[in-house]
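Take a look at the structure below.
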Amino acid sequence: MSPHTGVKFVKNAFVPLRDFRNCVIEANRQLQTWLLEIAGNRLHGTTREKPLTLFETERLFLKPLPDHPPECAVWEKVMLHGDCHVMFKKCRYSAPYQLVNQLLWLRATETTVQIYRDHTQVAIHPRLFKPGSRHTINEHLPPNAIAYCMHDSQWCLAQAKKIGMYCEQVIQQLLNDSVVDYLRAAQGIVGFQKSYGNARLDAACRRALVFQSVHYQTIKSILKQGLEYAPLPDEQVFDQLSETYKGQGRFCRDTSILLQ
């Protein structure tokens, strides 16, 4: 008997003309009496047996419910992208980099996210709900990416100090911003040392500080265009005036004489 048929049978055969006086205990007592005396001893239309008699036969095969209720889960096929993360409900979860560009199975519950390759679990994460958030396990990343992740703010400051005074000031300004996380930008700026050397990078940082634009793209553009040693605005004005005040002017006098 389907659940719908069972509900209809109770509704039509038990409920009419009964008064429970708004008491659940009284309703349960009457329902139990009706089941044991009438409903359980009728000849069932499908099994052609009495329900109570059939229940005694099936009782030996019934098992107790598990101690913990089964957990509802959602399965979805996902792609492992080049950044070693899969996307589910606008959140990202890491998986081993050896599986990049492969289709994997993702199992999501209210508390966890599990990632499978065929029938083998390759990752497990706590469930995230805030769009844009991510959970990364470092062991899932390739070796060079793990080394990159180890370059924290203190490492960046130490490297900047070795490069030069201006580079250190730039990194300090970036890392002191409490609103935006500029760690990746700081790592990128320090990384320019490999391509351009300490002197050029420090000069580029000095120029960025003068123009009050201590950003990764600004310093990258300065180095790429070779502008790190170009005259700064104040220096350009001084150079234009120096031709007059260094002996090139018609009526110029030696300042050392004027000061005596």
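The values are calculated or read from the model by the stated rules, or taken from the named source; none is laboratory data. These figures come from a predicted structure and were not determined experimentally. These area figures cover heavy atoms from the full protein model, side chains too; ligands, DNA and RNA do not enter into them. Shrake-Rupley method; radii C 1.70, N 1.55, O 1.52, S 1.80 Å.
Data table
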item	result
Accessible surface of region 82-222, 1.4 Å probe, proportion on carbon and sulfur as whole %	52
Region 47-56 - phi-based ³J(HN,Hα) in whole Hz, Karplus 6.51/-1.76/1.60, Gly and Pro as x	7, 6, 10, 6, x, 5, 5, 5, 5, 4
Where region 1-133 is the region considered: accessible area per residue in Å², 1.4 Å probe	75
Per-residue SASA entry for residue 55, accessible area with 1.4 Å probe, Å² rounded to 10	80
Rounded accessible area of residue 19 (nearest 10 Å², 1.4 Å probe)	100
Listed residues 215, 85, 119 arranged by accessible area, highest first, probe 1.4 Å	119, 215, 85
Gain on full stretching of the segment that runs from residue 98 to residue 217 - 0.36 nm per residue minus C-alpha separation	39.7 nm
With all protein chains modelled, accessible area of residue 87 [1.4 Å, Å²]	80
